[in-house]
Amino acid sequence: MRLPVSPTSPRFWRSPVRGTWFTSVLGLVLLVGITVLFVTGLVSYAAYNPDLSPVNDKTPDKGILGFYLFAWPTGPHWLYRLNQGVHVTLGITLIPVLLAKLWSVVPRLFALPPARSLTHALERVSLLLLVGGGLFEFVTGVLNIQLDYVFPGSFYPLHFYGAWVFFSAFVAHALLKTPTALRSLRRLREEENEERNGEKNGEENGEENDLVSPDPLEPTVSRRGALWFVGGGSLLLFATTVGQNFDALRRTALLAPHGGADPGTGPNGFQINKTAAYAGIDAAQTGEDAWRLVVTGRTGTVRLSRAQLAELPLHSSALPIACVEGWSTSDQWWRGVRLRDLAALVGYDDDPPDVFVESLQRRGAFRHAALRANQVTDPRSLLALYVNGEDLSPDHGHPARVIVPAAPGVLNTKWVARMTFGDL
Ligand SMILES: Nc1nc2c(c(=O)[nH]1)N[C@H]1C(S)=C(S)[C@@H](COP(=O)(O)O)O[C@H]1N2
Ligand SMILES: [Mo]
């Protein structure tokens, strides 16, 4: 008969799958994956041009953590779509790997004594930051894209500061553990041979043997099998998420809030972030008699009706909408007035400056945005009146919306009312 044991005892943990090799493979996958998540996350923040204007900055108290910000380029035109597609799709795909990795080392979290020495105590605190930070980043990220965000405080600063805490602990951990992980993988071939010869899982040599159960159950799955199971989970999440970045695959994105459901048909039948009704846009404000675009600059203010705008030189650009939440559209055909032509109307003939764009919308963080001079100058940047050969629909920003190459969706302001050109 077995006596009951507590989780603080190594004998409590009996899975024969635990061991250095299993933990090492998962750890090395996370080493690469989480580094990509961190970099694409920081890049995504830079893409908002937060250093251009406070209205673009969702993390105003970042301090020196914004040291790396740079002027976001306008090409290639799919730059933000790729960055954010990778960030969100990879983050979701790594969830099973993260959970399996935590599961594989969970006996250590319970091990006693809590600290054998000061170094050991520091190591355990850093592990708490690592595990807590990792879970926090994945949970806030998933909740934000599922539009079910429940944390007190804005997602952006929490996810941003959390990333720095998590990644610092992650770097320390990776420096300590990567040599062990690589050594353990080099033993892979030997182990494979052992397994083929029918030797039991869990018989490992070398350090870190506290991962191996001293009292393992009969294996029901090999360590490789367990790894395939984790990989299968990742593959399933990948396959039901990645489609939200491609119009033709959108129906396969079963888990994505902006996938699955049919966004509608027709030229305006592509994803919508916030509808006109949600944003409180009233048809009475957008009619031909009511709406005027107010453009201000060096030489004063110009007011234009939609009909007058449509008589200015019109240009076409094939550009996607790419949202921070990780969904994007394929290229749509926008048609409208170049931003730099609007700048020229108010006195900036060949030196377009930054612009501050305001929507008819009264509330909401995305009702206004600032664009940098390079974005105004790019000939593909438009104040669009039409998309895919038709008038913009109310939900896509009728009477007029901004569309800029390579920029995050947030900067493509809909229901534009006012544009103020001048260095910000
Ligand atoms: N006025 C206004 N413009 C806006 C938004 C908004 O909430 N209000 N949302 C932005 C965001 S976050 C995205 S991703 C895009 C989505 O554009 P779409 O709804 O036409 O696909 O619009 C942007 N423009
Ligand atoms: Mo967005």
_Selection within segment 379-398 - open to solvent by less than 10 Å² (accessible area, probe 1.4 Å) and either aromatic (Phe, Trp, Tyr) or assigned to a loop (DSSP other than H, G, I, E, B) (or both)_ = 381, 392, 397
*Taking segment 1-53, which residues are among the β-branched types (Val, Ile, Thr) and under 35 Å from the mean Cα position of the chain (by Cα)?*
17, 20, 23, 25, 29, 32, 34, 35, 36, 39, 40, 43
*Based on what the data block shows, is residue 310 more than 16 Å from ligand 2 (Cβ to nearest atom) and at pLDDT below 95?*
no
_Boolean, residue 263 is under 16 Å from the mean Cα position of the chain (by Cα) and closer than 16 Å to residue 321 by Cβ_ = no
*Answer yes or no: is there a residue in segment 153-168 that is open to solvent by 40 Å² or more (accessible area, probe 1.4 Å) and at pLDDT below 90.*
yes
_residue 401 vs. criteria crowded, with 22+ Cβ neighbours inside 10 Å and charged (D, E, K, R)_ = yes
*Could we say that residue 108 is assigned to a helix (DSSP H, G or I), basic (Lys, Arg), open to solvent by 50 Å² or more (accessible area, probe 1.4 Å) and assigned by TED's automatic domain parsing to the domain that holds residue 224 here?*
yes
*Answer with yes or no whether residue 406 is open to solvent by less than 40 Å² (accessible area, probe 1.4 Å), at pLDDT 95 or above, assigned to a strand (DSSP E or B) and within 16 Å of ligand 2 (Cβ to nearest atom).*
no
*Taking segment 345-354, which residues are out of contact with any helix residue (DSSP H, G or I) (no Cβ under 7 Å at 6 or more places or on another chain) and outside any helix (DSSP H, G or I)?*
346, 347, 348, 349, 350, 351
*Identify the single condition in (1) within 19 Å of residue 274 (Cβ to Cβ); (2) more than 16 Å from ligand 2 (Cβ to nearest atom); (3) aromatic (Phe, Trp, Tyr) that residue 356 does not satisfy, given that it satisfies every other one.*
(1)
*Residue check: is residue 269 within 16 Å of ligand 1 (Cβ to nearest atom), without any contact (Cβ under 8 Å) to a residue 40 or more places away in the chain and touching a Phe, Trp or Tyr at 6+ places or on another chain (Cβ under 9 Å)?*
no
*Please go through segment 285-344 and pick out each residue that is in a loop (DSSP other than H, G, I, E, B) and within 16 Å of ligand 1 (Cβ to nearest atom).*
291, 320, 321, 323, 324, 325, 326, 327, 329, 330, 331
*From (1) surrounded by 15 or more Cβ atoms within 10 Å (Cβ to Cβ); (2) at pLDDT 90 or above; (3) out of contact with any helix residue (DSSP H, G or I) (no Cβ under 7 Å at 6 or more places or on another chain); (4) within 30 Å of residue 143 (Cβ to Cβ), pick out the condition that doesn't hold for residue 212.*
(4)
_Quick check on segment 328-350. Is at least one of its residues in contact with a strand residue (DSSP E or B) (Cβ under 9 Å, 6 or more places away or on another chain), within 13 Å of ligand 2 (Cβ to nearest atom) and within 22 Å of residue 50 (Cα to Cα)?_
yes
_Please verify whether residue 248 is of a type in the set (Gly, Ala, Ser) and modelled with pLDDT under 95, treating the condition exactly as stated._
yes
_I'd like the residue in segment 353-377 that is more than 12 Å from ligand 1 (Cβ to nearest atom) and open to solvent by 20 Å² or more (accessible area, probe 1.4 Å) and, out of all such residues, is farthest from the chain's Cα centre (by Cα)._
377
*Mind listing whichever residues of segment 332-357 are acidic (Asp, Glu) and within 23 Å of residue 46 (Cβ to Cβ)?*
354
_Every residue in segment 238-258 that is in a helix (DSSP H, G or I) and open to solvent by less than 40 Å² (accessible area, probe 1.4 Å), please._
242, 243, 244, 245, 250
*asked:* Given the criterion open to solvent by less than 40 Å² (accessible area, probe 1.4 Å) and in a helix (DSSP H, G or I), identify the matching residue among 82, 122, 98, 90.
replied: 98
_Given the criterion within 16 Å of ligand 2 (Cβ to nearest atom) and among the acidic types (Asp, Glu), identify the matching residue among 325, 288._
325
_Residue under question is residue 376, and the condition is that it be within 15 Å of ligand 2 (Cβ to nearest atom) and either under 26 Å from residue 244 (Cα atoms) or not in a loop (DSSP other than H, G, I, E, B) (or both); does it hold?_
no
*Listed residues 264, 243; which is closer than 30 Å to residue 393 by Cβ, more than 16 Å from ligand 2 (Cβ to nearest atom) and modelled with pLDDT of 90 or more?*
243
*Give the residues of segment 409-424 that are surrounded by fewer than 24 Cβ atoms within 10 Å (Cβ to Cβ), at pLDDT 95 or above and in a loop (DSSP other than H, G, I, E, B), sorted by residue number.*
422
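The values are calculated or read from the model by the stated rules, or taken from the named source; none is laboratory data. All values derive from a computational prediction rather than experimental measurement. Please note: Cβ atoms are built from the backbone with ideal geometry, for glycine as well, and neighbour counts cover all protein chains shown. Just so you know, the surface numbers come from the protein's heavy atoms only, side chains and all, with ligands and any DNA or RNA stripped out. Shrake-Rupley method; radii C 1.70, N 1.55, O 1.52, S 1.80 Å.
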